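Have a look at the structure below, then the notes.
The values are calculated or read from the model by the stated rules, or taken from the named source; none is laboratory data. Being a predicted model, the structure only gives us computed values, none of them experimental. Quick reminder, even Gly has a Cβ in these numbers, built from the backbone with ideal geometry, and neighbours come from all protein chains shown. All accessible areas refer to the heavy atoms of the entire protein, side chains included, with ligands and DNA or RNA removed. Shrake-Rupley method; radii C 1.70, N 1.55, O 1.52, S 1.80 Å.
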Amino acid sequence: MDQIMKVNELSVVYGKGCDYCRDSNNPLEKNRCPHCMAVCAVRDISLELYDSEILGVVGESGSGKTTLMKALYFDIIPTKGSAYLAAYNNGETDIFSVSSQQQRAIRNNLLGMVYQNPVMGLLMNYSSGGNVAQKLIAAGHRNVAAMQERTAQLLDHMEIPLNRVKEPPRNFSGGMQQRVQISKAIANNPPVLLLDEVTTGLDLSVQAKVLDLIRMVQKQLNISVIVVSHDLAVIRMLSDRTVVMLDGQIVEHGFTDQILEDPQHWFTQTLVHSLI
């Protein structure tokens, strides 16, 4: 399979940092350096994402999963590391090294993001259709009729009733808000979709519906997806490969079936046991 994204030694450190915590072989107290007291939210993360693949990222709260996603979507400036997208300059340019203008273009055209909290990804006082159109406009679309058609198509695809397109997301349930977020995230057919805890706080029946829609969209559009969750059941349902994070680092990685059937790290074993 073709490589769509590659991330090399990505770190996000809050604080000055020191020689001790910059060496990923040195143990920390959870995420905190015992010498300089800096918090290493993400520490030397390297991963690859392949064509039409769903990569799961699983870990407990505070393991750095959300920080990783926000760094990849330019919400957070990483302390160090590099990332490459095949769709940007043939994967030859570190996307963290380009100008903020170029990063906005990458974000608007080549990446889609669905946040755990819909407030982060939606304008709650704007119409649902307006939220989707915002992503289209950011990517340079100006034909109003074409944008209206695309918006209606996406929201209908996500099973949002068309008679509610003009309603603001604040009127919707949590599951419907997430579906509007997904519609917005895929508006420009990005090659990479980032999903951060998209089912947290939803009823089980609603979770299943959202996950089914994600699988349908991924297959129809051949999008490569990174899905973050603390719930291994969600990862089992969606992902082809899985990385397990603990205290800002990847402690295990492999095919999802392999992770579930023969976990090697004690933390992964604990997660699998809790799933059983």
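Backbone phi angles across segment 241-258, fed through the Karplus curve with coefficients 6.51, -1.76 and 1.60 (θ = phi - 60°), yield HN-Hα couplings of 10, 9, 10, 10, 10, 8, 6, x, 10, 7, 9, 7, 8, x, 5, 4, 4, 5 Hz in residue order; Gly and Pro are listed as x. Full extension of the chain between residue 105 and residue 200 gives 31.3 nm of extra length, using 0.36 nm per residue less the Cα-Cα distance. Recomputing semi-axes √(5λ) of the Cα gyration tensor in Å from the coordinates shown identifies the correct label among (i) 47, 24, 17; (ii) 32, 22, 17; (iii) 24, 21, 19 as (ii).
Annotation: per residue accessible area for the chain equals 47 Å², rounded to a whole number [probe 1.4 Å, protein chains only].
Once the trypsin sites (Lys or Arg not before Pro) in DSSP loops with at most 16 neighbouring Cβ atoms within 10 Å are cut out of the chain, the longest remaining piece is 31-141. Only protein heavy atoms count here; on that basis, with a 1.4 Å probe, residue 273 has an accessible area of about 140 Å². Radius of gyration (Cα atoms) of segment 118-209, expressed as a multiple of 2.2 N^0.38 Å: 1.03. Dipole of segment 1-133 computed with +1 at Lys/Arg Cβ and -1 at Asp/Glu Cβ about the Cα centre; of 129, 105, 7, farthest Cα towards the positive end is 129. With R₀ set to 25 Å, the beta-carbon distance separating residue 273 from residue 24 gives a calculated FRET efficiency near 0.40.
Isolated cysteines in the chain, defined as those with no second cysteine Cβ under 4.7 Å, comprise 40. Helical content of the chain, expressed as a calculated mean residue ellipticity at 222 nm, amounts to -11000 deg cm²/dmol (DSSP H runs of 4 or more residues, -39,500 (n - 2.57) each, divided by residue number, nearest 500). One way to sum up the overall shape of segment 12-168 is the equivalent ellipsoid from its Cα gyration tensor, whose semi-axes run 36, 19, 14 Å, largest first. Counting only DSSP beta bridges whose two residues both lie in the chain, roughly 50 percent are antiparallel. Taken over the Cα atoms of segment 97-139, the convex hull encloses 84 Å³ per residue. The fraction of accessible area contributed by carbon and sulfur in segment 1-151 is 47 percent, rounded to a whole number (1.4 Å probe; ligands and nucleic acids excluded).
In this structure, residue 144 and residue 233 have a Cβ-Cβ separation that, at R0 = 45 Å, corresponds to a calculated FRET efficiency of about 0.60. Mean silhouette area of segment 33-92, derived from the convex hull of its C-alpha atoms and averaged over all directions, reads 5.4 nm². Our coupling estimate for segment 25-40, obtained by passing each phi through the Karplus curve with A = 6.51, B = -1.76, C = 1.60 and θ = phi - 60°, is 7, 7, x, 10, 8, 6, 9, 9, 6, x, 9, 9, 6, 5, 9, 9 Hz, Gly and Pro reported as x. At the listed q of 0.18, 0.19, 0.21, 0.23 Å⁻¹, the Debye profile of segment 68-154, built from one uniform point per Cα, gives log10 I(q)/I(0) equal to -0.89, -0.96, -1.08, -1.18.
I want to make sure I understand the PRE zone here: with the label point 7 angstrom from the Cα of residue 46 toward its beta carbon, which residues in segment 5-25 have backbone N atoms less than 18 Å away? Those under the cut-off are 5-12, 22-25. Here the mean projected area of the convex hull built on the C-alpha positions of segment 1-71 is 5.3 nm². Distance between the pseudo-spin-label points of residue 219 and residue 9 (7 Å out from Cα toward the beta carbon): 4.1 nm.
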